[in-house]
Amino acid sequence: MQVKSSLTPESPIGIFDSGIGGLTVANAIRKILPGESIIYFGDTAHLPYGDKAPESIIGYAVGISDFLLKSGCKMIVIACNTASSIAFDAVKKHVGKKAIVIDVINPVVAEVSSSKKLKRIGVIGTRATIKSEAYARRITQSNPSIEVLSLATPLLAPMIEEGFFDNKISQTIINSYLDRPKIRKIESIILACTHYPLIRPEIEKYYKGKVQIIDSAQIVAAYVKKQLELKKLLNPAPKGKQRFYVSDLTPSFIKSTRHFFTGKVKLEKKNLW
Ligand code: DGL
């Protein structure tokens, strides 16, 4: 089916993730741009993306983008580091000029690369994100004086998605990852997974203020605003509407959602495949 371009200010912003973690980005966008309408898609049936083959991640991301285009979105935000690192080019190619496509990695890379102070940056994320070296490659390309130390932390996203954080066991798991020699002596750490803002207090507890924590949600939301301003596509409405779709609806997702998004969320099940 042919999809027409929806580049009008009143069109919604489409946001997707492998699950409900991307709601942290949706939340930040809603706060900074309350007039925008949002269509969110969480691919909970295929979660986690972090352990999937690149071809599968690309297939899911393109399929969801198609749904967001058919829903009339002017912009598609890939609110998942794994999909951003593996499928950004494929989604951009597929979407063409029909909508603006934004990932969660480039805005963060631009922000940290411009720093004159940072010399050693840690990155934690899923296996797929870390294996892609998307952060390490792009940061050192833009600022060769920065050393990037990356660590895959595959247990964290499923643990958080299950609502399992802010307790002794989650703190022990987080500490054991952050203790690894691979990411020692860093000045700053990028939370390269949209689930991780929920464990930010536990990461802060571990570093005791000695390491700056970079959480992409705010950086991406500011970038989204700038892009819409530049393209004269900001929605002038006083208050936008939000719809939240998931590919698999379970009581555990419904329960966890409240941690990720402040405000009312009614998850609706949508079969895309
Ligand atoms: N939210 C996803 C990300 O930012 C991680 C979860 C997953 O493995 O699907 O990478």
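Against the main long axis of the alpha-carbon atoms of the chain, helix 168-178 sits at an angle near 80°. Once both axes come from the Cα atoms, what is the angle between helix 216-230 and the longest principal axis of the chain, in degrees from 0 to 90, rounded to 10? Between the helix axis and the principal axis of the chain, the angle is about 40 degrees. The amide H of Leu149, built 1.01 Å from its N in the peptide plane, has Ile121, Gly122, Val123 as neighbours under 5 Å, considering only residues 5 or more places off or on other chains.
Taking the centroid of alpha carbons for each part, the stretch 167-208 and the stretch 10-72 are 25 Å apart. Highest mean packing comes first when the peptides 169-180, 120-131 are listed by Cβ atoms within 10 Å, giving 120-131, 169-180.
Residues whose amide H comes within less than 5 Å of that of Ile100, counting only those at least five positions distant or on another chain, are Met75, Ile76 (H built at 1.01 Å from N in the peptide plane). The label-point distance for Asn175 and Gln141, in a model that sets each label 7 Å from Cα toward Cβ, rounds to 3.9 nm.
Cross-link partners of Lys266 among aspartates and glutamates, defined as those whose alpha carbon lies under 20 angstrom from its own and excluding same-chain residues fewer than eight positions apart: Asp17, Glu36, Asp43, Glu161, Glu162, Asp248.
What dipole magnitude, in Debye to the nearest 20, does the stretch 67-159 give about its Cα centre under +1 on Lys/Arg Cβ and -1 on Asp/Glu Cβ?
On the way: 14 positive and 5 negative charges, 47 e Å.
Magnitude of the dipole: close to 220 debye.
Less than 5 angstrom separates the built amide H of Val246 from those of Gly42, Glu268, Lys269, Lys270, all sequence-distant by 5 or more or on a different chain. Each label point was placed 7 Å from the Cα along the Cα-to-Cβ direction; for Lys116 and Leu7 their separation is 3.7 nm.
3J(HN,Hα) along the stretch 267-273, derived from phi through the Karplus expression 6.51 cos²θ - 1.76 cosθ + 1.60 where θ = phi - 60°, amounts to 6, 10, 7, 9, 8, 9, 10 Hz, with x in place of Gly and Pro. Rounded to the nearest 10 degrees, the angle from helix 81-95 to the longest Cα principal axis of the chain is 30 degrees.
Would you mind putting 203-209, 74-80 in packing order, based on average other-beta-carbon counts within 10 Å, highest first? Before the final figure, lay out each step's value.
Values: 203-209: 13.4, 74-80: 28.6.
The peptides rank, most packed first, as 74-80, 203-209.
Between the beta carbons of Lys231 and Lys182, assuming R0 = 30 Å, the FRET efficiency works out to 0.15 to the nearest 0.05. Coupling constants for the stretch 196-213 follow from the phi torsions by the Karplus curve (6.51 cos²θ - 1.76 cosθ + 1.60, θ = phi - 60°), and in residue order they are 5, x, 6, 10, 3, x, 6, 5, 4, 4, 5, 7, 6, x, 8, 10, 6, 9 Hz; glycine and proline get x.
Rounded to the nearest whole Hz, the Karplus-based 3J(HN,Hα) values (6.51 cos²θ - 1.76 cosθ + 1.60, θ = phi - 60°) of the stretch 63-71 follow the sequence x, 5, 4, 4, 4, 5, 5, 5, 7, with x at glycine and proline. Listed by chain and number, the lysines placed with their C-alpha closer than 27 angstrom to that of Lys168 are Lys182, Lys185, Lys205, Lys208, Lys210, Lys255; residues fewer than eight positions away on the same chain are left out. Applying a DSSP loop filter and a limit of 11 other Cβ atoms within 10 Å to the trypsin sites (Lys or Arg not before Pro) in the stretch 1-71 leaves Lys4.
Throughout, read-outs are computed from the coordinates displayed, never taken from laboratory work. What you see is a predicted model, and the numbers here were worked out from it, not measured in a lab. Note: ideal-geometry Cβ built from the backbone for every residue, glycine included; neighbour counts use all protein chains shown.
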